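The values are calculated or read from the model by the stated rules, or taken from the named source; none is laboratory data. This is a predicted model, so every value here is computed, not measured. Methodologically, a virtual Cβ is constructed for each residue, glycine included, from the backbone with ideal geometry; neighbour enumeration extends over all protein chains shown. Side chains are part of the model used for accessible areas, which takes the heavy atoms of the whole protein and leaves out ligands, DNA and RNA. Shrake-Rupley method; radii C 1.70, N 1.55, O 1.52, S 1.80 Å.
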Amino acid sequence: MNLQNLRVFLKVAELEHITRASEELNLSQPAVTKTIQSLEHEIGLELVERQGRRIALTHAGRVLQNYARQIFALEREMEDALTALRDVEGGEVTLAANTTAGVYLLPPIVARFRARYPQVTLNISILNSHEIVEETLNWNLDFGLVEGPPSALPSGLKVEVFAYDELILVVGSAHRWSQLQEVKPADLGEGELLLREQGSGVREVIEKGLARHNVQVRPLLTLTDNEAIKQMVMSGVGAAIVSSLTVQRELAKGDLVHIAVDGLDMRPQLSLIIRVDKQLSRAAQAFCAFLRPALNHEPELQRVPDESK
């Protein structure tokens, strides 16, 4: 099979659109259409179905898409391996992190890594934990950083727990709870909390933590961004349970107030995830080497206990 034709098909499959794929590939639309038709003729199966201006993959198309991802992931590994033989300092690393890790933990780590390996290309995405798991399983990432219980992760992933974050309840300075020392878990159930979207590791930890107190969360608002949640809370819209890492400045300035929750202690685990059958390039291995001690020595995080001692 012609790998260039397969590359064109994979782009069409990812974008679900012939025209957009042709623009990204710098090919004419007829050329892309002809490539897909050539593949279908070669395989003897239909790969796509037109749905208005968009296309949808057939079952055969989804099968081919999965194998194509693996083929090109292996191609990238091969290129990284050959680059490493020429120049250990070179290569490329593709990773994703949840918002807390990506915004508050990775920047100083990336700065130190870049100072040591300036020739390595870093591709970093900020996604929620569910998306990171999917992208890792689909061969699109070397590895990911997620927050939440490792037991909930698929068996196809190798999981390494580094540290525990701490989730705390915060309100704005003018909120009706701002003068309280403590609230009950039951106070958080009905229309009080601003939460992240479904698929967020932090939301999953919050829901499970409150469920242990027989509290079912019905959010006041759902947002996809930690900063948006902070701004809403500071404006008095509602309360939120957030990573303590994300609100240090606002707590110090008095823009937010930390309220204890009776009997609720939520310390989600931060984990590095890699496909069990993924062979990391030397560049990715080097980044992991920076990542592990850096995470374990972040002052805001609690280190995972060493049970061997």
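Numerical summary
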item	result
Gyration tensor (Cα) of segment 36-170, equivalent ellipsoid semi-axes in angstrom	33, 23, 13
Degrees between helix 106-116 axis and first principal axis of the chain (Cα, 0 to 90, nearest 10)	50 degrees
Cα long-axis angle, helix 3-15 against the chain (0 to 90 degrees, to the nearest 10)	40 degrees
Rounded to 5, the percent of DSSP beta bridges in the chain classed as antiparallel	60 percent
Segment 1-53, accessible surface, carbon-and-sulfur percent (1.4 angstrom probe)	45 percent
Label-point gap, in nm, between Gln4 and Arg53 - each point 7 angstrom along Cα→Cβ	2.9 nm
Centre separation in Å (Cα based) which lies between segment 89-105 and segment 143-189	21 Å
Angle in degrees between helix 201-211 and the longest Cα principal axis of the chain, rounded to the nearest 10	40 degrees
Förster radius 51 Å - calculated FRET efficiency between Glu16 and Arg116, Cβ distance, rounded to 0.05	0.80
Solvent-accessible area per residue, Å², over segment 90-223 with all protein chains present [probe radius 1.4 Å]	45 Å²
For His17, distant residues with modelled amide H under 5 Å away	Ile55
Karplus 3J(HN,Hα) series, Hz, for segment 38-47 with 6.51 cos²θ - 1.76 cosθ + 1.60 (x for Gly, Pro)	5, 5, 4, 5, 5, 7, x, 9, 6, 9
Full-extension gain in nm, Asn214 to Glu190, via 0.36 nm per residue minus C-alpha separation	7.4 nm
The chain: C-alpha gyration tensor shape, a/c 1.5 cut-off, then a/b vs b/c	prolate
Asp262 - accessible surface, heavy atoms, 1.4 Å probe, Å² rounded to 10	60 Å²
Viscosity 0.692 mPa s, temperature 37 °C, Stokes-Einstein D of segment 98-251 from Kirkwood C-alpha radius, µm²/s	193 µm²/s
Of all accessible heavy-atom area on segment 167-259, the percent that carbon and sulfur account for (1.4 Å)	46 percent
Spacing of the two label points (7 Å from each Cα toward its C-beta) at Ser173 and Leu45, in nm	6.3 nm
Karplus (6.51, -1.76, 1.60) ³J(HN,Hα), θ = phi - 60°, over segment 217-222, in Hz, Gly and Pro reported as x	7, 10, x, 5, 9, 10
Mean separation of Cα contacts under 8 Å (6+ apart) over length of segment 66-158, as relative contact order %	35 percent
Residue of Ser22, Ser173, Ser281 that the Gaussian network model of the chain assigns the largest fluctuation, springs spanning Cα pairs under 10 Å	Ser22
